[in-house]
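K.L.:
Dumping the structure here so I can ask a few things about it.
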Amino acid sequence: MTKNQPELRLIRMSEVELQEVRWLSYPYIPQGKLTIIQGDPGEGKTTLALWIAAMCSYGQALPGMEQTTPINILYQTAEDGLGDTIKPQLMTAGADLNRIICIDETERSLSLLDERIEKAVKTTSAKLLILDPLQGYLGRDVDMNRANEIRDVLKRLTITADQTDCAVVLIGHLNKAVGANSAYRGLGSMDFRAAARSVLLVGRMKKEPSIRVIVHDKSSLAPEGKSVAFSIEDSTPRWVEGYEKITASDLLNGGPTDSKVDMAEKLIRDKLSGAASAPASEMFQAAKQAGISKRTLKIAKENLKVDSVKKGERWHWQLAC
């Protein structure tokens, strides 16, 4: 055998042991695999990541799962301060701060090739590792657009995830290719997307800026999940319903042409067309029958500048003059 050449080892598929995929959140975040959460700056990626970390720290059920045992989480950020940004958000989300751990980067910055990642995962028995943002942990000598370099960088992280059964979540920004297919919107080489078993796209609804929608943009281990939405009000995220059919294309364009808000606005116009006003109770009842939430109806009311006027004992809605 030639010196320095690896020994040839063969694996028969008949000898491979079947393994069941385990999930942190089915079908969005698999255990022991890489997941990418990506979106434009300011769209709620970090808020979502911290909220997921908080819920996992005290065992709250994530989408698709039941309440479970609290786990340890490694959270690394290259953009935000731990004391002024990360910890306050975790406290607001009710996190068990003893279960959320950071690798100290004071003396040396962390990169995906750093052996401290594997060591930290094993030392803390962490079952979730979040790197925010991915671009901040590539290392100064790595060109994120070169496939051969990205494969080597991600390979070590993939092996660590597999050996420790730790879910690895990489937070990434989108590029500026407006109108491009979502598969081509991630920054850098397509090998990032290829290495990830799940890719989630996060963005806000144009007409509902407090609503963020998570679209399952790639799923290699299970059927793609329905879109999931959350709102950010008073710095406290909460899940909201009614956005399950939003697609990646919808999200990248600020929302579908027939969104719930559009439907609510049409309902209000129809009800108030030719009428001086209509009882608020009737408006809410009509919205309920149409599958429109009170919150969405109020957003539409605000968009159309509809006034609330008390007539006798009842509140009425009327279009502003």
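The values are calculated or read from the model by the stated rules, or taken from the named source; none is laboratory data. Source: prediction; values computed, not measured. Positions of Cβ are generated from backbone atoms using ideal geometry, with glycine treated the same way; all protein chains shown enter the neighbour counts. Quick note on the areas: whole protein, heavy atoms, side chains included, nothing else; ligands and nucleic acids left out. Shrake-Rupley method; radii C 1.70, N 1.55, O 1.52, S 1.80 Å.
K.L.:
Between [x] 187; [y] 157; [z] 139, which entry matches volume of the Cα convex hull per residue in Å³ as derived from the coordinates of this structure?
P.N.:
[x]
K.L.:
Taking +1 at the Cβ of each Lys and Arg and -1 at the Cβ of each Asp and Glu, which of GLN76, LEU110, GLY64 sits farthest along the dipole of the stretch 1-117 towards its positive end, judged by Cα position relative to the Cα centre?
P.N.:
Sorting the options by dipole projection puts first GLY64.
K.L.:
At 0.36 nm per residue, and after removing the present C-alpha to C-alpha distance, how many nm does the segment from MET190 to SER109 gain when stretched out fully? Display every interim value, and only then the final one.
P.N.:
Working: separation 81, 0.36 × 81 = 29.16 nm, distance 2.52 nm.
Between MET190 and SER109, full extension yields an extra 26.6 nm.
K.L.:
So, for the stretch 22-120, what is the accessible surface per residue at a probe of 1.4 Å, expressed in square angstrom?
P.N.:
46 Å²
K.L.:
Looking at the chain, what % of its DSSP beta bridges pair antiparallel, to the nearest 5?
P.N.:
Given both bridge residues lie in the chain, the antiparallel proportion sits at roughly 55 percent.
K.L.:
Then there is this: Using just the helices of the chain, give the 222 nm mean residue ellipticity in deg cm²/dmol: DSSP H runs with n ≥ 4 each add -39,500 (n - 2.57), and the total is spread over all residues, rounded to 500.
P.N.:
For the chain, the value works out to -8000 deg cm²/dmol.
K.L.:
How much of the accessible area of the chain, probe 1.4 Å, is carbon plus sulfur, in whole percent? Could the numbers behind the result be given before it?
P.N.:
Values: 8700 of 17950 Å².
After summing per-atom areas, the C and S share lands at 48 percent.
K.L.:
While we're looking at this one, here's another question. What ranking do 296-305, 138-147 get when scored by the average of other Cβ atoms within 10 Å per residue, highest first?
P.N.:
By packing density, highest mean first, the sequence is 296-305, 138-147.
K.L.:
Okay, next question. Please compute the per residue accessible area over the stretch 214-321 with all protein chains in place, 1.4 Å probe, rounded to a whole number of Å².
P.N.:
59 Å²
K.L.:
Taking a threshold of 26 Å on the Cα-Cα distance, which of the pairs LYS87/LYS301; LYS176/LYS260; LYS260/LYS311; LYS207/LYS245 fall above it?
P.N.:
LYS87/LYS301; LYS176/LYS260; LYS260/LYS311
K.L.:
Using the alpha-carbon centroid of each, what span in Å lies between the stretch 91-137 and the stretch 279-321?
P.N.:
First find each Cα centre; the distance between them is then 48 Å.
K.L.:
Next question. Calculate the dipole size of the stretch 110-234 relative to its Cα centre from +1 charges on Lys and Arg beta carbons and -1 charges on Asp and Glu beta carbons; express the result in debye to the nearest 20.
P.N.:
Roughly 280 debye for the stretch 110-234.
K.L.:
Now for a different question. Between ALA78 and residues 5 or more places away or on another chain, which pairs have amide H atoms under 5 Å apart, with H built 1.01 Å from N, and which residues are they?
P.N.:
Hits under the 5 Å cutoff: ASP132.
K.L.:
Starting from the 7 Å offset along Cα-to-Cβ, what nm value, one decimal, do you get for the label separation of ASP307 and ASP84?
P.N.:
Between ASP307 and ASP84, the simple spin-label model gives 4.5 nm.
K.L.:
Multiply the residue gap between SER281 and ILE101 by 0.36 nm, knock off their C-alpha separation, and tell me the result in nm, one decimal place.
P.N.:
Additional length available on full extension: 59.8 nm.
K.L.:
For helix 45-57, report the angle its Cα long axis makes with the longest principal axis of the Cα atoms of the chain; keep it between 0 and 90° and round to the nearest 10°.
P.N.:
The angle comes out near 70 degrees.
K.L.:
With r as the distance between the Cβ atoms of MET91 and ARG314 and R0 = 30 Å, compute the FRET efficiency 1/(1 + (r/R0)^6) and round to 0.05.
P.N.:
Efficiency, from the Cβ-Cβ distance: 0.10.
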